[in-house]
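The values are calculated or read from the model by the stated rules, or taken from the named source; none is laboratory data. Keep in mind the model is a prediction, meaning the values are calculated, not measured. In this analysis, Cβ positions are derived from the backbone assuming ideal geometry, glycine residues included, and neighbour counts consider all displayed protein chains.
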Amino acid sequence: MHNIINLFPDASHERQFFMPEPWLGLKEEILAMTLFGGGFPCNIILLETIALSVMTRVRLAENSAKLRQLFGDDVVAVCLKKNQYQAWQEFGRTMGHFYRASQQRKDFQICRRVARRAVKNVITLSPTIKFFVDGSRDVLGDVGDDARLNPTHFHHAEDHPDWAVGQTPLFLLGDYFFYNMVG
């Protein structure tokens, strides 16, 4: 038995794909596909930090109508928000093929495990992360409950998105800069 998922019912072209049973749940699968389809290196700390940025957006949106409109109101809406995550910008009608082809790949299974943990809210920042403080990288990453230090945005070091101009990153992890654009 298969479930047919129509991800963008109001889009000019439908993005439907079959999700075989049993599946984790739509939130976990969409987040796993966001991580896997973004072409990120299969580095657990990086994948967890990107997943944490999604979950930080979800948590912030729970208490703000403005942020709900900006980010979306749940994991699926945040991941599928237009122009946010590379995985959903480039596939269009080929998402079903991509999804079926990914099922048995070990790196996709890692993304699924990370997504499952993120949706259960058991992911925190790695204690090895060094934060930028006053332009230096000298503070180790024990953020505790300080949501201002959880990332909401990120980009590859070679990219220069307009939203990052004039912003100070929280930290650099691998080749990715992370920011909190709300805190």
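Of the residues making up region 60-73, those that are on the phi < 0 side of the Ramachandran plot and either among the basic types (Lys, Arg) or in contact with a helix residue (DSSP H, G or I) (Cβ under 6 Å, 6 or more places away or on another chain) (or both) are 60, 61, 66, 67, 68, 71, 73. Restricting region 15-32 to residues that are hydrophobic (A, V, I, L, M, F, W, C) and at pLDDT 50 or above, the residue that is farthest from the chain's Cα centre (by Cα) is 24.
Table: residues versus (1) under 20 Å from the mean Cα position of the chain (by Cα); (2) modelled with pLDDT of 85 or more; (3) in a loop (DSSP other than H, G, I, E, B).
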| residue | (1), (2), (3) |
| --- | --- |
| 79 | yes, yes, no |
| 83 | yes, no, yes |
| 117 | yes, yes, no |
| 123 | yes, yes, yes |
| 144 | no, no, yes |
| 155 | yes, yes, no |
| 166 | no, yes, yes |
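Filtered by the rule that a residue be over 13 Å from the mean Cα position of the chain (by Cα) and crowded, with 20+ Cβ neighbours inside 10 Å, region 61-77 gives a lone residue, 61. Counting the residues of region 68-77 that are under 15 Å from residue 153 (Cα atoms) and either assigned to a loop (DSSP other than H, G, I, E, B) or touching a strand residue (DSSP E or B) at 6+ places or on another chain (Cβ under 9 Å) (or both) gives 1.
Results for (1) more than 16 Å from residue 123 (Cβ to Cβ); (2) aromatic (Phe, Trp, Tyr); (3) modelled with pLDDT of 85 or more; (4) not in a helix (DSSP H, G or I), shown as yes or no for each residue.
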residue	(1), (2), (3), (4)
12	yes, no, no, yes
34	no, no, yes, no
45	no, no, yes, no
53	no, no, yes, no
66	yes, no, yes, no
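Here residue 57 meets the list (1) on the phi > 0 side of the Ramachandran plot; (2) buried (at least 21 other Cβ atoms within 10 Å of the Cβ) almost entirely, failing just condition (1).
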